[in-house]
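The values are calculated or read from the model by the stated rules, or taken from the named source; none is laboratory data. As the structure is a prediction and not an experimental result, all values here were calculated from the model. All Cβ positions, even for glycine, are placed from backbone atoms using ideal geometry, and neighbour counts span all protein chains on display. Side chains are part of the model used for accessible areas, which takes the heavy atoms of the whole protein and leaves out ligands, DNA and RNA. Shrake-Rupley method; radii C 1.70, N 1.55, O 1.52, S 1.80 Å.
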Amino acid sequence: MKTPPREVAGYAEAYAAGLLPRVPSTPPPLAVAPTARAAFRRLLVTTAMAFLTVLLLAKTLSSVGALAAIGLGGTLVLVLIHRQLARVGDRLIAEFRHGYATLDVSLGGFWFGEGYTGITGEAWSRWDLRGLWLLDASTGAMRRAPAGDGDPPGMYPSPHAPGRWELWTGVEWLGHFENPVSVRR
């Protein structure tokens, strides 16, 4: 369903209560630490280190030990990636609440099992962050001003689950839900 947030029941009440993402007219200061970009960099570094560690263990152990190390290590790496990826998404949602983003994404997902899933299981959710300020994750300097007049990405009353809030990517509903209490600032 591509119904924009402002056409969902409860939008007007949530807007009046100040619960919806609002993009300030000037670049906001960095308010979320670590930033989404920092969390993404950490994901990349820890994933690379974990894979290298598994490969090193596999190379130094006997063939039976190597298979066990690859199996166990590979499973641990996947769990690590899953957890780190969700943290990146959580940081990004926190930034949306302040009207900005530090990580510019256009395709993908952060939580397994949410968003569009193709036949092979990949998440290909589309994102449009142009409605938000894009800030440098280190300095807070403006990289891009917001454009467009639609609803920016963030948590809104859900068209799929009345009484819950769902993540709008700026293009589509992702299927990532939060309870209204956790959405309050």
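Results, tabulated for the structure shown:
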read-out: Tally, over the stretch 75-88, of residues that are in contact with a Phe, Trp or Tyr (Cβ under 7 Å, 6 or more places away or on another chain) and either open to solvent by 10 Å² or more (accessible area, probe 1.4 Å) or of a type in the set (Asp, Glu) (or both); value: 3
read-out: Of residues in the stretch 89-123 being at pLDDT 90 or above and open to solvent by 70 Å² or more (accessible area, probe 1.4 Å), the one farthest from the chain's Cα centre (by Cα); value: His98
read-out: Those residues of the stretch 31-44 which are touching a residue at least 40 places away in the same chain (Cβ under 8 Å), in a helix (DSSP H, G or I) and not aromatic (Phe, Trp, Tyr), in sequence order; value: Ala36, Arg37, Ala38, Ala39, Arg42, Leu43
read-out: All positions within the stretch 39-74 that are closer than 30 Å to Glu95 by Cβ and either in contact with a Ser or Thr (Cβ under 8 Å, 6 or more places away or on another chain) or open to solvent by 90 Å² or more (accessible area, probe 1.4 Å) (or both); value: Arg41, Arg42, Leu44, Met49, Phe51
read-out: Residue count for the stretch 10-30, restricted to those that are open to solvent by less than 30 Å² (accessible area, probe 1.4 Å) and either in a helix (DSSP H, G or I) or in contact with a Phe, Trp or Tyr (Cβ under 6 Å, 6 or more places away or on another chain) (or both); value: 3
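Conditions (1) in a strand (DSSP E or B); (2) at pLDDT 90 or above; (3) over 23 Å from Pro27 (Cα atoms), marked per residue:
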site	(1), (2), (3)
Ser138	no, yes, no
Pro152	no, yes, no
Met155	yes, yes, no
Ala161	no, no, yes
Glu166	yes, yes, yes
Gly175	yes, no, yes
Val181	no, no, yes
